[in-house]
Structure formats: structure tokens, C-alpha cells
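Report on the structure given below.
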Amino acid sequence: MEDACFVPLSRRRFLAASGAWLGGGLIGNAAAERRGKTISILHTTDLHGHILPTVTYEGLGDVGGFARCATQIRRWRKEFPDSLLVDIGDVYQGTAIGLNTGGKVMIELFNKLGYDAWVLGNHDFDWGREIVEGALALSTPGILTGNLRIDGKTTGNAAGVWQKVKPWTIKEIGGFRIGLVGVITPGLPFWLTPKTLGGVEALSPVESLRRSVNEMKAEKADAIVVLGHMGWRFQDDFANPIREMLGQVEDVDVYLAGHSHQDQPSWMTGRVLCSQANYYGIHCGRVDLTFDLESRKLIDRRAFTVLMDSRFDLDPLVIEVAKPELAKAEEQMKRKVCTVKREIPADGVAPLLCEAFAAALLKNGTTVDGVFHGTFGKEPIEAGEKTVGDCWKILPYENGLVVAELTAAELIGIVVEDGGTRLLWPFEIELGDGGKAKRFVFNGQPVDESKRYRIAFNTYDGQSGGRRLMKLKEILLRAESKRQEIDLGTRQALVDYLLDKGEI
């Protein structure tokens, strides 16, 4: 009868133990065992200039911020020194400190924390090519974005500071060669105007990735990690063709995602392990790659993310570097712009924005008949004193303004295409069956079907609003529309309008 405390060895363990004694005891056993080596990839994404804790889209406060991510990064590095640190793009747009410094404070923090590489995101281009080039020039870490063409030359062949942007790199860490390759969403031309992009184009990520993977394999990379500013979706779309890309390119081991603002710690796309670490530093991510030391084969992959809540202190170095600019931005956001005497209902916000843009254009010497614009939420504007910070909440993105001349039929077409989410101000339109206008009035009179009306749009909508307004984009490209891009920011237009009004 077996002793109750005795657990029999499995056959495999028994044979391993027997081999150990035959080989000369415990020392022989240690020599016979195969061992592994784990390399960690630490990743952030879609920081959007958020250094301090922030609020999630769902209203959860005191979470995230780069200063907390830095604390976790330092802990992981101390525990796992064989690690690489990367960011997946949209680094600096989204906060006053990012805007005031042209993104440079975030790049300086990347330098201080010793990032190994980062990827350009679509919002990194929002302030124009000059700002991007300033960030590139300042960056000590490598910039990996393979599917770009700059002034007609592909990544790796471009001139000037763009020479710092490479399709891929190989980092030797812990005795292994880790290939890192970067790609950006191909959606750039559906959000940003040619003037804003300034000669920069996004190409197919499939062809770029395939070429980079083949080159890294030729350089004997032990694992290939894709840093892609394209994110998790239930289904691929024009901006996030992850399944298509990874389905067409072999030999990718890990895909680190960004762009879609999701916390997706670990999922599989075919044989590729994928992970995405949310937005604003709300989560920080880590992937562990374990290799067999003898065969050098990748034998295990694990990915997870960690919520950056109050368990994590603000990193002192990050705060020290950013403190002067944080203080300046805080004062700026507190600046009073007007007093709202009584609540503006949700359906009154869009008319307010349209009035503000028309007024800004008039001060700039451009007269318009109307404005086509929507809102970024369905919240009313409460009564009370309003600040620059409140304007940032109303208009979170730095869009410009485009003016064009459209016919009545074209205006009806874009209203139908939009489906009623935006306002064509100050026109009054009532649609009937089949997209026909039952009533279409301008300044109390029926719209003149033989006339062209000068209408203002934000630059995002003018570029198709993320492919939701493709008809509008096509109309604005017609020569007869006389499309004109105006050097006016929509948020500053709102601030100036409210300052001029004083009370609304």
C-alpha cells in the first residue's frame, strides 16, 4: 500500500531522474536540462500627450497618464532587465502641453526613459509636417514606420530628418535578436488634408510589412514583433486591416496594436499573438517571449496589460521634466472665456459652433453663407463661467476650416449622406422619401437651385470624415467647387468667439 504522503513520479519525471543519477547526480541533471530565456517587450500607445492621470470615456477617473506608466516600466525593467520598450503612436496630440510644445515634451520623456523605438500615428500629423519633423529631430529612440512615402521617396530612402525613420530594426537583447517593424494606418488621406500632410503619404501596410519581414529573416532575427498603429476591431475596416495584413504576411510572432483606443490584453490573429494597451496611458502592456537556449526557437508567448490606477505613483523624473509646461498648460486651461447665462441644450451646441466658425472666417476676410458641422458628443453646455478647458472638451481635435462653393443639389446630397448627424447652418432642410428636399430654405427664402453657396467645413469632414462622407470629399475636389483651405483652427475660433461675446 502506498504511503498517503507519497506522490509517484510520472514516467517522464522518472526517466529524467534516472538519467540524472546515471549522469553523475544532481550536477549531471542540471547539465542535461534544457533552459529557456525570456525577453519582455514593454509597450504604451495612444498617449495623446497625457502625462497626468485622466478620465476614461466611461467616466472612471484618476487613471492612466504617462507618469504612472513610467513607474510600472521602471518596476518591470528592474525585475526583467532583458526587455525592450516601445510606443505604438499618437504620442503627443490631445493635450495643451502637447500642443504648446509641439509634441517635444513627450519625445523628451521618451528620450529620458530610454525607449527603444516608437511608431508614427495618424494624430502625430495633425499639426502639420513641420511639427512631425521637430519630433523626429529630437528623438533619440528609433522611429519605425515602413509604409510611408515622403516627397515621393519610401521610408528608408527619404531625405533630411526623415532619414531617422526606418521600416525596421533588430535589437540584440539577452543573447537574442528581436526584429521590430513599424507600420501606420493607411487611413491618413481620409482624415488629413494634403496641405497638412505636406507631401507625406501612407502606403499599403501589407507590402511594406512583407518586405520588412523578409529582410529581418535574412538578418537572422529570432523573433519578429510588429508595432502597428492599427487596432482591434470586431471586423477589419479601412483604417485597421490587421487580419488582412497578418493573414498575408508570414513569420510574424507578435503584433502590438494601437489607434482604436481599446484595452485588448491578448488575442490571436491566426498564429500571431496580438496585444493592445488602451489609450492615454490607462493601461501599460507587456509581452513575454521565451526562447529555448539550445535551439534558439521561440517556445512561449504571453501578453497582458495592467491598469494604471492609484496603486502607481507618478514617476518623479517624468514630473520634474514636465512640471514647467504642465503648470503653464494648467493656467491656460483655467482662463475664462465667457459666461453662459443659461444652459445651452445639446441640440444648441452645433449652431453655436457654426456661428463661431462663420464669425472667425469673417474676421479673416472670408464670408460664407453657411457652415456644415456637428458635435463630438450629445452633452449640453451648463450655465456658468466657461474656460479654455471647456472649449477643449467641446472640440478635442485640432481641425482647420475649408470653404467651397456648392449647389443646392450638392448640399442636399451631403446632408443625405451624413444622415442627420451634422447641421447645415443656417439653412432649414426637411427631407422626404428618396432623399428629396420637401423644404429647403435659406434666410427665409427657398434655396436658389441655380446658385452656388459658400459653405465652410472642418478639414476632417472635408477629407471624408473617416470615409463616412466620401461624396462630400468628391464634391470638394471638383474644380467648380473652388475649394479653399483656410489657416484657422476650429477650437481657437470657438475661444475667440466666446471671448468676443463675453456672455451667451
Quiz item: If you line up the long axis of helix 129-138 against the longest principal axis of the chain, both from Cα atoms, how many degrees apart are they, to the nearest 10?
Solution: 30 degrees
Practice problem: For the stretch 36-329, report the convex hull volume of the alpha-carbon atoms normalised per residue, in Å³, without decimals. | Solution: 119 Å³
Quiz item: In whole Å and largest first, what semi-axes does the C-alpha gyration tensor of the chain yield when each eigenvalue is scaled by 5 and square-rooted?
Solution: 51, 25, 22
Exercise. Treat each spin label as a single point 7 Å out from the Cα along the C-beta direction, and report the residue 500 to residue 467 distance in nm.
Key: 3.9 nm
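Of the DSSP beta bridges with both residues in the chain, give the percent that are antiparallel, rounding to the nearest 5. Before the final figure, lay out the partial values.
Details: 58 of 88 bridges.
Of those bridges, close to 65 percent are antiparallel.
Indicate the gyration tensor shape class of the stretch 150-305 (rounded, prolate or oblate), computed on the Cα atoms with a ≥ b ≥ c the square roots of the eigenvalues: a/c under 1.5 is rounded; otherwise a/b larger than b/c is prolate and the rest oblate.
Values: a/c = 1.91, a/b = 1.30, b/c = 1.47.
Taking the square roots of the gyration eigenvalues as a ≥ b ≥ c, the stretch 150-305 is oblate.
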Quiz item: Given the alpha-carbon gyration tensor of the stretch 359-451, what are the semi-axes of its equivalent ellipsoid in whole angstrom, ordered largest first, with each equal to the square root of 5 times an eigenvalue?
Solution: 28, 17, 13
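Multiply the residue separation of residue 474 and residue 341 by 0.36 nm, subtract the distance between their alpha-carbon atoms, and state the gained length in nm to one decimal. Walk me through the numbers before you get to the answer.
Numbers: separation 133, 0.36 × 133 = 47.88 nm, distance 4.15 nm.
Taking residue 474 through residue 341 to full extension adds about 43.7 nm, to one decimal.
Which whole-number percent is the relative contact order of the stretch 335-501 (Cα, under 8 Å, 6+ apart)? Before the final figure, lay out the partial values.
Details: 293 pairs, mean separation 54.3, N = 167.
Once normalised by length, the contact order is 33 percent.
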Practice problem: Search the structure for amide H atoms under 5 Å from the amide H of residue 299, placed 1.01 Å from N in the peptide plane, and list their residues when 5 or more places away or on another chain. | Solution: 290, 291, 292
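How large is the Kirkwood hydrodynamic radius of the stretch 335-501, counting all unique pairs of alpha carbons, in Å? Working shown, then result.
Working: mean 1/r = 0.0609 Å⁻¹.
After inverting the mean inverse Cα-Cα distance, the result is 16.4 Å.
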Quiz item: Count of lysine pairs in the stretch 335-501 with Cα atoms under 24 Å apart, counting only pairs 8 or more residues apart in sequence or on different chains?
Solution: 27
Quiz item: Once you put a point 7 Å from the Cα of residue 238 and another 7 Å from the Cα of residue 153, both along the Cβ direction, what distance in nm separates them?
Solution: 3.0 nm
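What FRET efficiency would be calculated for the residue pair residue 417, residue 34, taking the C-beta separation as r and a Förster radius of 45 Å, to the nearest 0.05? Spell out each step's value before the answer.
On the way: r = 62 Å, r/R0 = 1.37.
With a Förster radius of 45 Å, E is 0.15.
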Quiz item: Taking only DSSP H segments of four or more residues, each worth -39500 (n - 2.57), what value at 222 nm results for the chain once the sum is divided by all its residues, to the nearest 500 deg cm²/dmol?
Solution: -9000 deg cm²/dmol
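For the chain, what relative contact order do you get, as a whole percent, if you take Cα pairs closer than 8 Å and at least 6 residues apart? Each step should come with its number before you reach the end.
Numbers: 1088 pairs, mean separation 70.1, N = 504.
Over the chain, the number comes to 14 percent.
When the chain is fully extended, how far beyond the present Cα-Cα distance does residue 217 get from residue 330, taking 0.36 nm per residue of separation?
35.8 nm
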Quiz item: With each label point set 7 Å from Cα along the Cα-Cβ vector, what nm distance links residue 74 and residue 382?
Solution: 3.6 nm
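Excluding residue 346 itself, calculate the net charge of residues whose Cβ lies under 12 Å from the Cβ of residue 346, where each Lys or Arg counts +1 and each Asp or Glu counts -1. Let's see the in-between values first.
Numbers: positive: 378; negative: 343, 347, 379, 382.
With Lys, Arg at +1 and Asp, Glu at -1, the net is -3.
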Self-check item: residue 450-residue 367 FRET efficiency (beta carbon distance; Förster radius 25 Å; 0.05 resolution)
Solution: 0.80
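Every read-out reported here was derived from the displayed coordinates using simple, explicitly stated rules and does not represent laboratory data. Everything numeric in this text was worked out from a predicted model, so none of it was measured. Every residue, glycine as well, gets a Cβ built from its backbone with ideal geometry; the counts of neighbours run over all protein chains shown.
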